[in-house]
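Comments concern the structure below.
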Amino acid sequence: MNRTTTDHATADHRTAPATAQPTSPPTLLLLGGANPLPSSIDIVTRAIEEARSRGIRVHLVHRAAALARTAEVNDLADAVSAVEPDDPEACERWVRDRVAAGERFDLVLGLRDEVQESVARCAAYVGAPGNGVDAVRRIRNKDACRAALAAAGFRQPAVRLCGSREEASAFLRESRGPWVVKPRDGMASIGVRKVRDVTELPPALAELPDPDVFLVEEFVEGPEYSVEGVILSTGPKVLAVTAKETLPPPYFVEIGHVLPAELPESTRAAIDREVTAALTALDLRFGVFHVELWLTEGGVVLGEVHVRPGGDWLHRLLTHAVPGLELFGLLYDDHLGPPGRAASSLEPTRGAAVRFLAPPPGRLVDVDGWGAVEAHPSVLAAGLTPASGDMIRPVRQSGDRAGFIVVGERTPARAQALATTLADSLHFHTTDPQQPAPEGRPRSTPRTPAVPTAH
């Protein structure tokens, strides 16, 4: 949970030496490639392919263990190096050495939260567009981000950084419940739990990754959404608003998304204004963004802010709903040119949805109906997480979900209905966890067509 807080070296040390006008193709430094998960592999593949199609050279950097498990992504890059992408100092040393050896980097990009400080430091060193180190640190710390947004006049729930049960109990006495206990810096809903009173604190604290540093904040009542977009040289550009559905409390695991959210035009405009203003106030100047929020009786309440694409296949929903969209291509064209399609013309004209699978716990034997799901013409991507013999656990974090179904349709309502119908059509056969693992069919290979079909 702790992050590097050491002051950086002076600016003249971090600035790359001046170079002559380039005669070779521009180079994208992609820090932190894919994790061995279908959605991660898919999105990194798209980022590389959209660069290569523009004649941009790609140098991919990731830790050695991850590179060994994502060969299909590595093969797409022009160069691959093993460096710890979550270590800003190691990445900056590596970039400094590469520049000294004559390599040039024109753009630096990272697609995970953990690499954003490395991205910021490397971009600053080579003189590429990017976010400041202070800005990316601020949004990684959820309490610091809330404080900055509140200071700038945005609605925010009360929040307290705690280091003990006693401090958390004190905050409960001083504020209005219910509350949410969560890690200060986390993802995938790990350790996030709703509490209604002090008696529910102990089990919530027991599930935290780091019980010595955590947050307690007031629960926000209202439907949840996220906003997907890019920050160009002209400022933030909202591409779509996503409606999200979560499992019932005490956990907040997302079970479905629909894009675009069907909202009144005035509400969509208010969300656009609020998110654009927040990104500007937080001094974020580059990248793909994913901002979470609630719609309450008092208006928009902003949640977490990220300068990376949303997870849970949101990139696939977005590219189906906005025909012709190349999410990363917008960044490449904006900063490296020549200009591509105008961002102002990109609006959702179709609908897409993803449904995650949360069957009852047990040891998996087989799944009825999966073949029909994979064969459906509107399915853009689908996959099962457990194999026969694996345990299906209660869903308390995103990694506990048993699979996903991504669909594209003509409208958001049709997409949502189809995703739900397909998920409900499946029957998971399970046995008692204490029985020996059965022999059944292997885990399915996720189906991810390269070109979504319009329906």
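The values are calculated or read from the model by the stated rules, or taken from the named source; none is laboratory data. It should be emphasised that the depicted structure is a prediction, and the values quoted were computed from it without experimental measurement. Using ideal geometry, Cβ is built from the backbone for each residue, glycine included, and neighbour counts are taken over all protein chains shown. When the accessible area is computed, the model is the full protein with side chains, heavy atoms only, and any ligands, DNA or RNA have been set aside. Shrake-Rupley method; radii C 1.70, N 1.55, O 1.52, S 1.80 Å.
Overview of results
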quantity: E292 vs. criteria under 15 Å from the mean Cα position of the chain (by Cα), open to solvent by 30 Å² or more (accessible area, probe 1.4 Å) and not aliphatic (A, V, I, L, M); calculated: yes
quantity: Selection within region 1-33 - in contact with a strand residue (DSSP E or B) (Cβ under 9 Å, 6 or more places away or on another chain) and at pLDDT below 90; calculated: M1, S24, G33
quantity: Leading residue by the ranking (least open to solvent (accessible area, probe 1.4 Å)) among those in region 297-311 that are of a type outside the set (G, A, S) and at pLDDT below 95; calculated: E304
quantity: Neighbours by Cβ (under 9 Å, 6+ apart or cross-chain): first from region 394-421, touching a residue at least 12 places away in the same chain (Cβ under 8 Å) and part of a strand (DSSP E or B); second open to solvent by less than 30 Å² (accessible area, probe 1.4 Å) and among the polar types (S, T, N, Q); calculated: G403/S444; V407/S378; G408/S378; E409/S378
quantity: Region 390-445: number of residues that are under 18 Å from S378 (Cα atoms), in contact with a Leu (Cβ under 7 Å, 6 or more places away or on another chain) and at pLDDT below 95; calculated: 0
quantity: Subset tally (residues that are under 25 Å from I405 (Cα atoms) and buried (at least 20 other Cβ atoms within 10 Å of the Cβ)) for region 51-82; calculated: 2
quantity: Strands (runs of 3 or more DSSP E) within region 207-247 that include 3 or more residues out of contact with any Lys or Arg (no Cβ under 7 Å at 6 or more places or on another chain) and crowded, with 21+ Cβ neighbours inside 10 Å; calculated: 235-246
quantity: Identity of the residue in region 336-357, at pLDDT 95 or above and touching a strand residue (DSSP E or B) at 6+ places or on another chain (Cβ under 6 Å), that ends up farthest from V115 (Cα to Cα); calculated: G351
quantity: Check on H376, farther than 30 Å from P25 by Cβ, open to solvent by 20 Å² or more (accessible area, probe 1.4 Å) and of a type outside the set (S, T, N, Q); calculated: yes
quantity: Pairs with Cβ under 6 Å, 6+ apart, first in region 318-340 and without any contact (Cβ under 8 Å) to a residue 12 or more places away in the chain, second open to solvent by 20 Å² or more (accessible area, probe 1.4 Å); calculated: P339/D333
quantity: Selected residue [over 21 Å from V230 (Cβ atoms), surrounded by fewer than 17 Cβ atoms within 10 Å (Cβ to Cβ) and not hydrophobic (A, V, I, L, M, F, W, C)] from P36, P88; calculated: P36
quantity: Near pairs, Cβ below 9 angstrom, 6+ apart or cross-chain, from region 258-280 (closer than 16 Å to W294 by Cβ and touching a residue at least 24 places away in the same chain (Cβ under 8 Å)) to any residue that is among the basic types (K, R) and assigned to a helix (DSSP H, G or I); calculated: A261/R268
quantity: Residues being in contact with a Lys or Arg (Cβ under 8 Å, 6 or more places away or on another chain), under 27 Å from A204 (Cα atoms) and open to solvent by less than 10 Å² (accessible area, probe 1.4 Å) - total across region 379-407; calculated: 1
quantity: Output for region 39-50, where each listed residue is out of contact with any His (no Cβ under 6 Å at 6 or more places or on another chain) and either surrounded by 20 or more Cβ atoms within 10 Å (Cβ to Cβ) or under 13 Å from P309 (Cβ atoms) (or both); calculated: S39, S40, D42, V44, T45, R46, A47, I48, E50
quantity: Region 356-377, residues that are closer than 28 Å to F252 by Cα and part of a loop (DSSP other than H, G, I, E, B); calculated: L357, A358, P359, P360, P361, G369
